[in-house]
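Engineer: Have a look at this one.
Readers should treat all values here as calculations from the given coordinates under stated rules, not as data from a laboratory. Given the structure is predicted, the values throughout are model-derived calculations rather than measurements. Reconstructed Cβ throughout: ideal geometry from the backbone, glycine too, with neighbour counts over all protein chains shown.
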Amino acid sequence: ATPTALLVGTGRGAQLGVLIRGPEVLESTRRVDTILLDKTGTVTTGVMALAGLSPAEGFTAEKLLWYAGSLEQASEHPIARAVAAATPDLSGVDEFTALPGLGASGVVDGRTVLVGRAALLSDNGVTVPESGVREDMTSVAVAVDGIFAGWVYVADTVKPTSADAIAALRREGLRPVLLTGDAAGPARLVAEQVGVPAEDVVAGVLPAGKVDAVRELQQRGAVVAMVGDGVNDAAALAAADLGLAMGTGTDAAIEAADLTLVRGDLTATVDAIRLSRATLRNIK
Ligand code: ADP
Ligand code: MG
């Protein structure tokens, strides 16, 4: 490969809204045959909205939201932003800890609050009822001082460009796989909307599980691209043959990636793949 052609390719990438870490990245882009897509913030807008509250006995909807929102104001997770934005009269939070892929913990008004996936609460000794989980949206569990306080529901929207971009990736010969820490119900609903079959949905995975998914595919001989936006995606982005970060995403994701999609939409992924194929064709 002549460096000049690669540099031209890199410059052309910038015009298309794709920031390329180095000219050599174009080479791995060309060989990719499988593309893992994070759901929240990548395929979906990641701008979530509070969609409902189901307080447990002993809690009102207002109190449930107040504990959850006051804790979540300190987190940059899309779920957290939605919950905090919907909470009137936020209280301060102490000892806040973000638990990537799980939720968050902290102290609100002197009480220990845990917000996140049901497993986070159970792992911390909280009894979470099986009822209340919704299949059509993300169900977030809340505990106050070790007691289950209720469910907070948040809904997300698929980006208007996602379905077309995923169809175009397929036309380029790539196999798209949806990879998410969210539960199977909401994951499948999104997959349906963008044309990813149920067998290509990997749901409920922790950040380490995203890395495992990348490695498993690589062991089976696939050349894997991963597109993500979150702190929870950073390790998988680094493990993939090609890591693509949403420019609208977190610094951790951008730092771990080979390519950054400035506009934060999947269409640029297709552009990047076409560009690298065209650039390398010109060289040969
Ligand atoms: P995704 O892979 O879709 O980007 P994450 O790995 O960030 O999702 O999160 C996986 C799951 O963990 C979420 O669906 C949610 O249940 C829970 N979770 C993670 N962070 C938070 C948070 N700050 N507040 C509430 N729930 C969270
Ligand atoms: Mg995400």
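Engineer: Report the antiparallel proportion of the DSSP beta bridges in the chain as a percent, rounded to a multiple of 5.
Structural biologist: Of the beta bridges lying entirely in the chain, close to 65 percent run antiparallel.
Engineer: Please turn the phi angles of segment 255-266 into ³J(HN,Hα) values with the Karplus equation 6.51 cos²θ - 1.76 cosθ + 1.60 (θ = phi - 60°), one per residue in order, whole Hz, x for glycine and proline.
Structural biologist: Taking θ as phi minus 60°, the curve returns 5, 7, 8, 8, 10, 10, 8, 4, 6, x, 9, 5 Hz for segment 255-266.
Engineer: Further, regarding this structure: Quick one: which residues, 5+ away or cross-chain, put their amide H under 5 Å from the amide H of R175? H built at 1.01 Å from N.
Structural biologist: Those lying under 5 Å, H to H, from R175 are T34, I35.
Engineer: Starting from 0 in steps of 5 Å, tell me what percent of the Cα-Cα pairs of the chain lands in each bin.
Structural biologist: Whole-percent P(r) values from 0 Å outward: 1, 6, 13, 16, 17, 14, 11, 8, 6, 4, 2, 1, 0, 0, 0.
Engineer: On to the next question. Any idea what diffusion coefficient segment 207-280 gets from Stokes-Einstein, in µm²/s, Kirkwood Rh on alpha carbon pairs, 10 °C, 1.306 mPa s? It would help to have the intermediate numbers written out before the result.
Structural biologist: Numbers: Rh = 12.3 Å.
After rounding, the answer is 130 µm²/s.
Engineer: Another one. Spelling out what I want: for every residue of segment 14-24, take phi, set θ = phi - 60°, compute 6.51 cos²θ - 1.76 cosθ + 1.60 (Karplus), and round to whole Hz; glycine and proline get x.
Structural biologist: So the J values, rounded to whole Hz, are 4, 5, 7, x, 10, 8, 10, 4, x, x, 5.
Engineer: Tell me the relative contact order for segment 3-99 as a rounded percent, counting alpha carbon contacts under 8 Å between residues six or more apart.
Structural biologist: This gives 19 percent for segment 3-99.
Engineer: In addition: Could you give the distance between the Cα centres of segment 178-202 and segment 236-277, to the whole Å?
Structural biologist: Result: 20 Å between the Cα centres.
Engineer: In percent, what relative contact order does the chain have, based on Cα pairs under 8 Å that are 6 or more apart in sequence?
Structural biologist: Over the chain, the number comes to 25 percent.
Engineer: I'd like the Karplus ³J(HN,Hα) series for segment 163-170: coefficients 6.51, -1.76, 1.60, θ = phi - 60°, whole numbers in Hz, and an x wherever there's a Gly or Pro.
Structural biologist: Listing the rounded values in order: 4, 5, 5, 5, 4, 5, 4, 4 Hz.
Engineer: Please list, in chain and number order, the residues 5+ apart from V47 or on another chain whose amide H is under 5 Å from its amide H, with Hs placed from the backbone.
Structural biologist: T157
Engineer: Peptides 56-67, 110-121: what's the order by average Cβ count within 10 Å, highest mean first? Working shown, then result.
Structural biologist: Details: 56-67: 16.8, 110-121: 20.6.
By packing density, highest mean first, the sequence is 110-121, 56-67.
Engineer: Further question: With n ≥ 4 as the cut-off for DSSP H runs, can you work out [θ] at 222 nm for the chain, using -39500 (n - 2.57) per run divided by the number of residues, rounded to the nearest 500?
Structural biologist: When only DSSP H runs of four or more count, the value is -11000 deg cm²/dmol.
Engineer: Take peptides 222-232, 93-103 and line them up by average Cβ neighbours within 10 Å, highest first, as a rough protection proxy.
Structural biologist: Working: 222-232: 26.1, 93-103: 17.3.
Answer by packing, highest mean first, reads 222-232, 93-103.
Engineer: Taking one equal scatterer on every alpha-carbon of segment 49-155, how large is log10 of I(q)/I(0) by Debye at q = 0.12, 0.14, 0.15, 0.17 1/Å?
Structural biologist: -0.31, -0.43, -0.49, -0.65
Engineer: Add +1 for every Lys or Arg and -1 for every Asp or Glu among the other residues with Cβ under 12 Å from the Cβ of R274, and state the total.
Structural biologist: Counting the neighbours of R274, the net charge comes to +3.
Engineer: Something else: Taking H as built 1.01 Å from N, whose amide H comes closer than 5 Å to the amide H of T112, not counting residues under 5 places away?
Structural biologist: D145
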